[in-house]
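A.B. asks: Dumping the structure here so I can ask a few things about it.
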Amino acid sequence: MLQETYSAAANPEVFETSDLHVLFAGESQTSADHRLGPKVYDYFLLHFVEQGKGSFQTEFAYYSLSAGDCFLIQPDQLVSYASDKLEPWRYRWIAFAGDKAAELVQRAGFTPQLAAFSSGSASAIPEILESVLQVFRTRKPSSHLASLGYLHLIMAEAEEKLVRESALPTGESGVQRTVKQMIHYMSSQYAHPISIEQMCSSLGYNRAYLSRIFKRTTGLTPVTYLLKLRIDKSRQLLRERPELSIEQISASVGLTDALYFSRQFRRFHGESPSEYRRNAPGQS
């Protein structure tokens, strides 16, 4: 028979109010049919099941859970949870609160109707939760910031499971979200010699699929959009940085071949970069 154990540690930094604050973390091997609730909490409480089985019930849903599963208790919800009679669960937990806690939870994909997910055998969550427990045991003031970092890592993994469950986005909102991710990637990385293949690999999707949805949404292929973005950025540099050479401007927008840059600039604007600079308003 498994012996019941319990261990927890609180954040040494105490806040009356805050944007986000990890309250405490812990771990427990429960006894058979160990039950908590029905009860209401006034903070968020996330559990990760390391071993065994159990059940979790909210006002909206019932979950049968096992090793690798996570479940989230939200504030002011009547909940109850219990370990299995034959395979009582061992779990870890983290409690957090703050003005922006609900926003973080929503961003990760949790809703009152969706309060659990399966993280799989390769999950980093148990190690992260152990790190929170250990850092709180040091009682150092820096443990507060460390715990916030660990909490965001947990929510990042939750988002991967809850928001991006399918291999490809489906529905109009999924497509729009992915196109926005592509535009954000190109807008933030255009100054580097990135490729469309690198972008697709970074986002985790097939190039042909991404090219198709991108062109359907924007009217341009990703290759053309990225090139146009680079040329538009170069126009700003040509106007505002007269001390930079054409070669330096080309490199600054992620195009290492200055001749290719000049040809593409003329293709888009009907004149060379040098001509554009001479004809730009305010240039003598």
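The values are calculated or read from the model by the stated rules, or taken from the named source; none is laboratory data. All values derive from a computational prediction rather than experimental measurement. Cβ sites come from the backbone with ideal geometry, for glycine too, and all protein chains shown count toward neighbours. Side chains are part of the model used for accessible areas, which takes the heavy atoms of the whole protein and leaves out ligands, DNA and RNA. Shrake-Rupley method; radii C 1.70, N 1.55, O 1.52, S 1.80 Å.
A.B. asks: In the chain, which helices (entire DSSP H runs) extend 20 Å or more along their own long axis, judged by Cα positions, while averaging at least -1.0 on the Kyte-Doolittle scale?
C.D. replies: The qualifying helices are 143-162, 171-189, 222-240.
A.B. asks: How much FRET efficiency would the formula 1/(1 + (r/R0)^6) give for SER80 and GLN181, where r is the Cβ-Cβ distance and R0 is 45 Å, rounded to 0.05?
C.D. replies: The formula returns an efficiency of 0.70 here.
A.B. asks: Here is a further query. With contacts defined as alpha carbon pairs under 8 Å and 6 or more residues apart, what's the relative contact order of the chain in percent?
C.D. replies: Once normalised by length, the contact order is 15 percent.
A.B. asks: Where Lys and Arg each count +1 and Asp and Glu each count -1, what net charge lies around SER18 among other residues with Cβ under 11 Å from its Cβ?
C.D. replies: Net of charged neighbours comes to -3.
A.B. asks: A further question on this structure: With a 10 Å cut-off between alpha carbons and a GNM built on the chain, which of LEU72, LEU45, LEU238 moves the most?
C.D. replies: Maximum fluctuation in the GNM of the chain, among the listed residues, is at LEU238.
A.B. asks: Once amide H atoms are built 1.01 Å from N in the peptide plane, which residues 5 or more positions from LYS100, or in another chain, come under 5 Å H to H?
C.D. replies: LEU20
A.B. asks: Is it possible to state the helix-based mean residue ellipticity at 222 nm for the chain, with each DSSP H run of 4+ residues giving -39500 (n - 2.57), the sum divided by total residues, to the nearest 500 deg cm²/dmol? What is it?
C.D. replies: Value at 222 nm, helices only, nearest 500: -14000 deg cm²/dmol.
A.B. asks: Considering the Cα trace of the stretch 92-222, what is its radius of gyration and what is Dmax, both in angstroms?
C.D. replies: 18.2, 56
A.B. asks: Which order do the peptides 193-204, 139-150 take when ranked by the mean count of other beta-carbon atoms within 10 Å per residue, highest first?
C.D. replies: Ranked from most to least packed, the peptides come out as 139-150, 193-204.
A.B. asks: Want the number for ILE194 to PHE60: 0.36 nm per residue separation, take away the alpha-carbon distance, what's left?
C.D. replies: That works out to 43.7 nm of additional length.
A.B. asks: Show me the trypsin sites (Lys or Arg not before Pro) within the stretch 57-95 that DSSP assigns to loop and that have at most 14 other Cβ atoms within 10 Å of their Cβ.
C.D. replies: LYS85
A.B. asks: What shape does the stretch 1-88 take by its C-alpha gyration tensor, where a ≥ b ≥ c are the square roots of the eigenvalues and a/c under 1.5 counts as rounded, a/b above b/c as prolate, and the rest as oblate?
C.D. replies: oblate
A.B. asks: I would also like to ask the following. Where is the GNM fluctuation largest for the chain (alpha-carbon springs, 10 angstrom cutoff): PHE44, PHE60, PHE136?
C.D. replies: PHE60
A.B. asks: Could you list the GluC sites (Glu not before Pro) in the stretch 214-269 that lie in coil according to DSSP, counting only those with at most 13 other Cβ atoms within 10 Å of their Cβ?
C.D. replies: GLU243
A.B. asks: Using every pair of alpha-carbon atoms in the stretch 209-284, split the distances into 10 Å bins beginning at 0 and state the percent of pairs per bin, rounded to integers.
C.D. replies: Going from the shortest bin to the longest, the percentages are 20, 47, 24, 9, 1.
A.B. asks: Which values, in whole Å and largest first, are the semi-axes of the equivalent ellipsoid of the chain obtained as the square root of 5 times each eigenvalue of the Cα gyration tensor?
C.D. replies: Each semi-axis is the square root of five times an eigenvalue, giving 52, 22, 16 Å.
A.B. asks: Report the full-extension gain for the segment GLU130 to GLU87: residue separation times 0.36 nm, less the Cα-Cα distance, to one decimal in nm.
C.D. replies: Once the chain is fully extended between GLU130 and GLU87, it gains 13.3 nm.
A.B. asks: Give me the percent of accessible area attributable to carbon and sulfur for the chain, probe 1.4 angstrom.
C.D. replies: About 50 percent, which is the carbon plus sulfur part of the accessible surface.
A.B. asks: What is the spread of the Cα atoms of the stretch 1-157 along each of their three principal axes, largest first, in whole Å?
C.D. replies: The Cα atoms of the stretch 1-157 stretch 42, 32, 30 Å along the principal axes, largest first.
A.B. asks: With springs only between Cα atoms under 10 Å, which of VAL132, VAL40, VAL22 fluctuates most in a Gaussian network model of the chain?
C.D. replies: With Cα springs under 10 Å in the chain, the top fluctuation among VAL132, VAL40, VAL22 is at VAL40.
A.B. asks: If you look at just the Cα atoms of the stretch 138-284, how large are its Rg and its Dmax in Å?
C.D. replies: 20.4, 65
A.B. asks: May I pose another question? Using the heavy atoms of the protein chains alone and a 1.4 angstrom probe, what is the accessible area of the stretch 43-85 per residue in square angstrom?
C.D. replies: Result: 39 Å² of accessible area for each residue.
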